[in-house]
Amino acid sequence: MSDSETPQLEGPDLGAGVALATVPDGACLLGHAHGEPVLLVRRGGELFAVGSTCTHYGGPLSEGLLVGETVRCPWHHACFSLRTGEALRAPALNPLPRWRVEERDGTAFVREKLDAVERPASPAAAGGPESVVIVGGGAAGNAAAETLRREGYRGRLTMLSADRSVPCDRPNLSKGYLAGTAPEEWIPLRPEEFYAEQEIDLKLGTRVERIDAASREVVLADGGRIAYDALLLATGADPVRLDVPGGDLPHVHTLRTHADARALLASAQTARRVVVIGASFIGLEVAAALRAREIEVHVVGREAIPMEKVLGVEVGKHIRKLHEDHGVTFHLGAVAASIDAGGVTLDDGERLPADLVVAGIGVRQALALAEQAGLAMDRGVTVNEYLETSVPGIFAAGDIARWPDPHTGERIRVEHWVVAERQGQTAARNILGRKERFDAVPFFWTEQYDFTLSYIGHAESFDRAEIDGTLDADCRITYSKGGRKLAVATIRRDLEGLREEVELEGSFAA
Ligand SMILES: Cc1cc2nc3c(=O)[nH]c(=O)nc-3n(C[C@H](O)[C@H](O)[C@H](O)COP(=O)(O)OP(=O)(O)OC[C@H]3O[C@@H](n4cnc5c(N)ncnc54)[C@H](O)[C@@H]3O)c2cc1C
Ligand code: FES
């Protein structure tokens, strides 16, 4: 993660003062003060001044959406409090700076910067847990650990991760990091010292072997035991490996961890021809990133049209053409039959020479612990609206959790970064007894070349994908079933995507 480059200063100098009339009620004004970009917002009788640059990847908040006392980022839908600057919803983790605003004779002046808001400690004596163990150092686990501390939890907090690296920005691994536009230092979500400072006992390279629910302990692979009052399972998923002859050769890669990405990057330095097996999100993002390195790319996919199942025929065809225009060759309706040092042989006998192979053929949820602990399962770990499993005191979040979605009325499970982080945040508050329902509308995005698509909602299947606009320029695609809108995707219409999110939230807010 990065707070990105220093943004250009635009608009009026708010430190010198602006006429109040230039900021109508419910609107914002982009300007700057004391050398920093500032968003001045008027809401009712109050004025707020916060940083105008999203702390996730620098999205322009002046192009976002004001909702009550919050502003939402147009790029990946982080949400910040205007009053406190706090990052209320992932994917942003850091607060916005904020300034005192003084109003005098019809002019608003942005004065000195205000301190970050401190939360009072949430003592264990108030009925909360004395110790929390988080299994998983990914999106959900990290967000939960940070949230527990931000909410004032001062008890023992242990995060156990089988990964050898600190929690990392996985979505970037198949995008800018692989393409070479995102440097190494953007990948850790936090530096290692952060966890020590926050008194989060992060144990890397530590696999939990089983849960002893009766004695409330997790048992590590080395036999060690760690006791918990509350446990969060956030074990995510592992990439499916290619089960074909040669599928385990050293030049065949999968991509999930920072270490996987480093290994792939190292191979990409010398590769001249790659075969990507799998034409879904990871496969196509990898294809785009490797084309940026001018490597010849062939994509093999079982489906006739990439992404058709999730995004529909028209969007799928558009994405295929986008890749072809960038020099990718598709081999669709095909599967890999075998791999050797010189290439991949498809099931129809076609041979694709390659010095690098990437398998992006899906993931398998890491459910072994949950199953062994006897938790109720349903194609994932069954959780209630508070993300608690069938065993009191054990919560689950992220790729493994199937939750009751108030929008569709169904139990759903998704594999999205922002959802995993938001579930981690909600689970943390519920571990502290807050009884907060998880009711966020699912959101994900994909980036391939200069094409970015944002997807809001959840359509397990749909019978209509209605495109408003043109895929080449900008558009909104509405996915519905039986006449009911389930999800919306937007291309170059970020503000519309935010409005759709609010509308979908409202459709079940009653
Ligand atoms: C390359 C890539 C790109 C992606 N891009 C996007 C994107 O653009 N947009 C989007 O919405 N989503 C994207 N995703 C999906 C997103 O990253 C996942 O949905 C998200 O990471 C899930 O979070 P999680 O916390 O459930 O699991 P993870 O982030 O996978 O974390 C799981 C953690 O659990 C640990 N673990 C597992 N078992 C054990 C055990 N027994 N003991 C100890 N630790 C254990 C693992 O080591 C890991 O630390 C991408 C994923 C990948 C791999
Ligand atoms: S840049 Fe704002 S949420 Fe990503």
- Note on the structure: Within the stretch 54-76, restricting to residues that are in a strand (DSSP E or B) and crowded, with 24+ Cβ neighbours inside 10 Å, the one that is nearest to ligand 2 (Cβ to nearest atom) is ARG72
- Query: Out of the stretch 429-458, which residues are out of contact with any Lys or Arg (no Cβ under 6 Å at 6 or more places or on another chain) and either more than 15 Å from ligand 1 (Cβ to nearest atom) or at pLDDT below 95 (or both)?
  - Reply: ARG429, ASN430, ILE431, LEU432, GLY433, ARG434, LYS435, ARG437, ASP439, ASP450
- Query: Wholly within the stretch 222-295, which strands (runs of 3 or more DSSP E) include no fewer than the required count, namely at least 2 residues that are buried (at least 20 other Cβ atoms within 10 Å of the Cβ) and not hydroxyl-bearing (Ser, Thr, Tyr)?
  - Reply: 230-233, 273-277
- Could you please let me know if VAL41 is assigned to a strand (DSSP E or B) and either at pLDDT below 95 or within 16 Å of ligand 1 (Cβ to nearest atom) (or both)? no
- Task: List every residue pair whose Cβ atoms sit under 9 Å apart, with the two residues 6 or more apart in sequence or on different chains, where the first one lies in the stretch 217-230 and is farther than 18 Å from ARG156 by Cβ and of a type in the set (A, V, I, L, M) and the second, anywhere, is at pLDDT 95 or above and buried (at least 17 other Cβ atoms within 10 Å of the Cβ).
- Result: ALA221/ALA162; ALA221/THR206; ALA221/VAL208
- Filter the strands (runs of 3 or more DSSP E) completely within the stretch 103-188 down to those with at least 1 residues that are under 30 Å from LEU40 (Cβ atoms) and in contact (Cβ under 8 Å) with a residue 24 or more places away in the chain. 107-113
- Note on the structure: Within the stretch 73-91, restricting to residues that are over 22 Å from ALA144 (Cβ atoms) and in contact with a helix residue (DSSP H, G or I) (Cβ under 7 Å, 6 or more places away or on another chain), the one that is nearest to ligand 1 (Cβ to nearest atom) is TRP75
- Message: Please count how many residues of the stretch 394-428 are more than 8 Å from ligand 1 (Cβ to nearest atom) and of a type in the set (Phe, Trp, Tyr).
- Response: 2
- Query: Taking the condition surrounded by fewer than 21 Cβ atoms within 10 Å (Cβ to Cβ) and either farther than 26 Å from HIS416 by Cα or within 9 Å of ligand 1 (Cβ to nearest atom) (or both), does ARG154 pass?
  - Reply: yes
- Query: What single numbered condition from (1) in contact (Cβ under 8 Å) with a residue 12 or more places away in the chain; (2) among the charged types (D, E, K, R); (3) more than 15 Å from ligand 2 (Cβ to nearest atom); (4) over 22 Å from ALA396 (Cα atoms) fails to hold for GLU86?
  - Reply: (3)
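The values are calculated or read from the model by the stated rules, or taken from the named source; none is laboratory data. Note that the coordinates shown come from a computational prediction; the quantities given were computed from them, not determined experimentally. Positions of Cβ are generated from backbone atoms using ideal geometry, with glycine treated the same way; all protein chains shown enter the neighbour counts.
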